1. Take Lys98, Lys118 and sort them by solvent-accessible surface of the protein heavy atoms, 1.4 Å probe, largest at the top.
2. Just from its helices, what would the mean residue ellipticity at 222 nm be for the chain, if runs of 4 or more DSSP H residues each count -39500 (n - 2.57) and the sum is divided by every residue, rounded to the nearest 500 deg cm²/dmol?
3. Run down the aspartates and glutamates and flag those whose C-alpha is under 18 Å from the C-alpha of Lys118, throwing out any fewer than 8 positions away in its chain.
4. Ignoring ligands, DNA and RNA, what percent of the accessible area of the chain is carbon or sulfur (1.4 Å)?
5. Over the stretch 1-126, calculate the relative contact order: mean separation of alpha carbon pairs under 8 Å at least 6 apart, over the residue count, as a percent.
6. Any idea what the relative contact order of the chain is, in percent, if you count C-alpha pairs under 8 Å spaced at least 6 apart?
7. Comparing Val306, Val269, Val140, which has the greatest mean-square fluctuation in the GNM of the chain with Cα pairs linked when under 10 Å apart?
8. What's the magnitude of the charge dipole for the stretch 1-105 around its Cα centre, counting Lys and Arg as +1 and Asp and Glu as -1 at the beta-carbon? Answer in Debye, nearest 20.
Amino acid sequence: MDQLHKFLFEGLAVRGMLVRLDTGWRELLSRRASRDDGGHAFPAPVRALLGEMTAAGCLMQANLKFNGALILQVYGDGPVKLAVAEIHPDLGFRATAKVVGPVPADARVEAMLNVHGKGRCAITLDPRDRLPGQQPYQGVVPLHGDRREPLQDLSAVLEHYMLQSEQLDTKLVLAGNDEVAAGLLIQRLPMSGGANLAGGAAVQRDEDQIGHNEDFNRIALLAGTLTPEELLTLDPDVVLHRLFWQEHLVRFAPQTPRFACSCSRDRVVSMLRGLGRDEIDSIVAEQGQVEIGCDFCGAQYRFDPVDVGELFTPGRDQPPGSGVVQ
């Protein structure tokens, strides 16, 4: 069962979350499976990276009070041009990647995305109900540390991002395979709510705590003993007990992430109408039909010449055709 568990360390300025995705994660991978050979659409290291990104995205989205999508992207100059995970406020998630070259079986972040040092990580917050002229918020960091050393793991990239953007110590343990995607987040709470808005002394007090909060450092050290194998195979209750049995945890009701793709025939129709009749007719003349595939879930939307005629019929609001071809 896909679950996300939130918890606090009683009496300490430290919070945590643990997410485990199995049913939804396997559905995501199955949707992206190759139609030709029944295999996987992505090499194993890319599938593991996407699992880590999806787990991390769920943790970050659950950490926010934000009515919109959180989009986590890593992109660069390696054989993986782009990997993206999108998580909505209800923890509906989807993920995909664009692979442009061979990926070594043991490839990590540098070998996949940052071969020549041009890799980047971007986190975008896209409001559900944008005001006129409102733009999504986006933060971007390079895939290297403060000393310009290449970062090899997504967890290190995101810890660096959180330190730069939030000025908060964060510990992440992430893992993914073909069955499970999972993550553990430990984070120091700000000394005063809304410190960045309060400005001045409040911000300075939080920055002074970076790296020096003994409670966070102790709990982060415990979290760091969790292996990827344990994270992927053990029940969340077992993980929390093994790591923090000496701490007093305040736990909250678990949330239920799920695989959810927001593609639809209506959206494809709007896109095709935006291209114009002449462009669509030229595709039909060349290929006999128009076929659009969703990069996230693999759904195929097909439009034959009759569908195209209906698509551009004046006053027609309903999408033509018989639906989605999976």
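1. Listed by decreasing accessible area, they come as Lys118, Lys98.
2. Values: 12 runs with 114 residues, N = 326.
Mean residue ellipticity, 222 nm, calculated: -10000 deg cm²/dmol.
3. Asp77, Glu110, Asp146, Glu149, Asp153
4. On the way: 8060 of 16210 Å².
Answer for the chain: carbon and sulfur cover 50 percent of the accessible area.
5. Worked out over the stretch 1-126, it gives 22 percent.
6. Values: 612 pairs, mean separation 67.6, N = 326.
Taking the mean separation of contacting Cα pairs over the length of the chain, I get 21 percent.
7. Val306
8. Numbers: 12 positive and 10 negative charges, 22 e Å.
The dipole of the stretch 1-105 has a size of about 100 debye.
The values are calculated or read from the model by the stated rules, or taken from the named source; none is laboratory data. Note that this is a predicted model, so its numbers are computed, not measured. Glycine also receives a Cβ, built like all others from the backbone with ideal geometry; neighbour counts cover every protein chain displayed. For accessibility, only protein heavy atoms count, side chains too; no ligands or nucleic acids. Shrake-Rupley method; radii C 1.70, N 1.55, O 1.52, S 1.80 Å.
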